[in-house]
Amino acid sequence: SGTLPTIAEVLRSAGYRTYMVGKWHLVRAENMDPEADHSNWPNQRGFDRFYGTLAGASSYWNPITFVEDNQSARPTGDFYYTEALTRKAIEYIDESAEQTKPFFLYVAYTAPHYPLHARPATIAKYKGKFDEGWDVLRARRHSRLQEMGMIPPGTTPTARDDMSRPWQDEPQKEWQAHRMEVYAAMVDHLDAGVGELLRHLQLKGMLDDTLFLFLSDNGASPED
């Protein structure tokens, strides 16, 4: 009945410095309070430093269960969660650069998980790009994937999901198009953050010695 080790616990035992920013989501609701049991918080599960949230999702402007290491944290200044995670990850890279040990950095962005929050200027970049609706967009993307060689020619798209409807039957087209604009802006923010991390590793002369893995958990999300 022993607890399985996390990758951070394994790497720390091998001499790595271990850092994490972002979404943990491995703590029971009753243990998310800073005064509660910390045994399954990141610092107790192999991470030397942690900055992020314990809950699965929340506001990008004022996230709940927001902590740094084992203490409650508060958003300050012109705060947007995706950007804050990038800044803190860069701080950890700088900290690791001063060490002789190798480092492991887990950057668990919450974007583009619901709720849909992005900066207005970024949302504006996508104004009108989804007005034709998801059916046209889906067909266009499918064709582009075939042209790029990412899927075989003649591949047939899967059937429409039962939770979806034809765009022509959507009663709130303007609202839905705007939601897609915000979602795209959230991905834009995430993409910019990954680019900043790569540039910073290059600036520190660490990029060629760093294995960089990009993974995604949720696909389309049913949260409304």
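Our helix-only sum for the chain, with -39,500 (n - 2.57) per DSSP H run of n ≥ 4 divided by its residues, gives a mean residue ellipticity at 222 nm of -11000 deg cm²/dmol. Counting 0.36 nm for each residue step from T76 to E35 and taking away their Cα separation leaves a gain of 12.5 nm. Largest first, the residues V21, V107 sort by 1.4 Å accessible area into V107, V21.
Annotation: the antiparallel percentage among DSSP beta bridges lying fully within the chain is about 30. For K101, the aspartates and glutamates whose Cα falls under 13 Å of its own Cα, not counting residues fewer than eight places away in the same chain, are D48, D209. Among the GluC sites (Glu not before Pro) in the stretch 1-79, those placed in a DSSP loop whose Cβ has at most 16 other Cβ atoms within 10 Å are E35. Calculate I(q)/I(0) for the chain by the Debye formula, one identical point scatterer on each C-alpha and no solvent, and give its log10 at q = 0.08, 0.11, 0.12, 0.19 Å⁻¹ to two decimals. Summing over Cα pairs of the chain leads to -0.38, -0.69, -0.81, -1.40.
The values are calculated or read from the model by the stated rules, or taken from the named source; none is laboratory data. Remember, it's a predicted structure, so these values are computed and weren't measured experimentally. Neighbour counts are summed over all protein chains in view; Cβ atoms, including those assigned to glycine, are modelled from backbone coordinates with ideal geometry. Ligands, DNA and RNA are stripped out before the accessible areas are found, and what is left, the full protein with its side chains, is counted by its heavy atoms. Shrake-Rupley method; radii C 1.70, N 1.55, O 1.52, S 1.80 Å.
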